[in-house]
């Protein structure tokens, strides 16, 4: 961890610009991603890339990880729910990574989009064209991608003001007694494992998840979750926090949960205002076969208790 104390000449300078001055071995985009990933703090708090420094601010940062990445178009059998000149809604299968990143070697959804679309927004850089938001590799379901920068900016604004809403189905360990609830707990990087997130007051961002119980089983609960914020691994971290981790989750779940090979979490509904027509649009995706079969198994073998 490198430490830098701001001087008078740094007053009013953006944090990403200052980091570029501290080390020109990395691009401004790489520094911005390091900031977004929580690897940079000012006075002990995580900040945004547009934070303007003040004299005597203390910056602590880890240098970005440099990795050779190349994104080529790769034809894929995409499950396209909707498409027009501005947006494309995809039902992503479990196991497919949305965009390239550290340690990603297999093809990603971005490669499939590049092969399918003539143009995609460039707001998030060459490795994340069209990507407005994402879902985890082992989470299935809906996401909307932008075909141009105007659409991207308008969709991103909806993420900020929460007019773009997402609902998920999840099977969690244990029986939730409440009919519904709200988890309001800040999420940040796990200091013990930087690849994971955790509920923490330190270097964190506000995170809110609403849930509703759909069906209870003897050892599990089938729920619907609605995101009020969009933090990394948010539902998985929040359900672990209330001691009802996602069934089959290899990182945040119960290690010896034999019910599923990977997490049973599915983004089944997305609603947004179309960036061109201003029409409010809602799309749904049914449960994938693996998830559906697990519920059928529970119905038959365990029996629903409510």
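Since every read-out is calculated from the coordinates, none of them should be taken as a lab result. A quick note: this is a predicted structure, and the numbers were derived from the prediction, not measured. Cβ: placed from backbone, ideal geometry, glycine included. Neighbour counts: every protein chain shown.
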Practice item. In a Gaussian network model over the chain where Cα atoms closer than 10 Å are linked, find which of 135, 90, 15 has the largest mean-square fluctuation. Key: 15
**Study point:** the chain, relative contact order [Cα under 8 Å, separation at least 6], %
**Key:** 14 percent
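Ratio of the range 2-61's C-alpha Rg to 2.2 N^0.38 Å, to two decimals? Walk me through the numbers before you get to the answer.
On the way: Rg = 10.1 Å, N = 60, 2.2 N^0.38 = 10.4 Å.
With N residues counted in the range 2-61, Rg over 2.2 N^0.38 Å equals 0.97.
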**Study point:** Answer label for P(r) over Cα pairs in 10 Å bins from 0, in percent (calculated), chosen among (i) 6, 28, 35, 19, 5, 4, 2, 1, 0; (ii) 6, 27, 32, 21, 9, 4, 0; (iii) 6, 24, 32, 25, 11, 2, 0
**Key:** (iii)
Review point. Distance from the Cα centre of the range 72-91 to that of the range 150-218, in angstrom?
Key: 26 Å
**Study point:** Cα centroid separation, the range 227-306 to the range 121-143 (Å)
**Key:** 18 Å
Exercise for review: Would you mind checking the tilt of helix 149-161 against the longest principal axis of the Cα atoms of the chain, expressed as 0 to 90 degrees and rounded to 10?
Suggested key: 70 degrees
Check your understanding: Length gain on complete extension for the stretch residue 36 to residue 281, per 0.36 nm per residue less the alpha carbon to alpha carbon distance?
Key -> 85.3 nm
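Got a sec? How would 222, 241 order by Cβ neighbour count within 10 Å, fewest to most? Please list the in-between numbers first.
Values: 222 21, 241 17.
By the 10 Å Cβ count, ascending: 241, 222.
On a full-extension model of 0.36 nm per residue, what is the gain between residue 219 and residue 1, subtracting their alpha-carbon distance, rounded to one decimal in nm? Intermediate values should be presented prior to the final figure.
Values: separation 218, 0.36 × 218 = 78.48 nm, distance 4.36 nm.
Full extension of this stretch gives 74.1 nm more.
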Review point. Would you list 14, 118, 33, 292 from fewest to most Cβ contacts within 10 Å?
Key: 118, 292, 14, 33
**Study point:** Residue exposure sequence - 189, 236 - by fewest surrounding Cβ within 10 Å
**Key:** 189, 236
Practice item. Give the Kirkwood hydrodynamic radius (Å, one decimal) of the range 144-235, defined as one over the mean of 1/r across all pairs of different Cα atoms. Key: 15.0 Å
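Quick one: if you take sqrt(5λ) for each eigenvalue of the C-alpha gyration tensor of the range 187-239, what semi-axes come out, biggest first, whole angstrom?
Details: eigenvalues 122, 35, 11 Å².
Over the Cα atoms of the range 187-239, the ellipsoid semi-axes are 25, 13, 7 Å.
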Check your understanding: Taking 0.36 nm per intervening residue step and subtracting the Cα-Cα distance, what contour gain separates residue 63 from residue 11 on full extension?
Key -> 16.5 nm
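Assuming R0 = 30 Å, can you tell me the calculated FRET efficiency for the pair residue 202 and residue 182, based on Cβ-Cβ distance, to the nearest 0.05?
Values: r = 22 Å, r/R0 = 0.74.
For R0 = 30 Å, the calculated efficiency reads 0.85.
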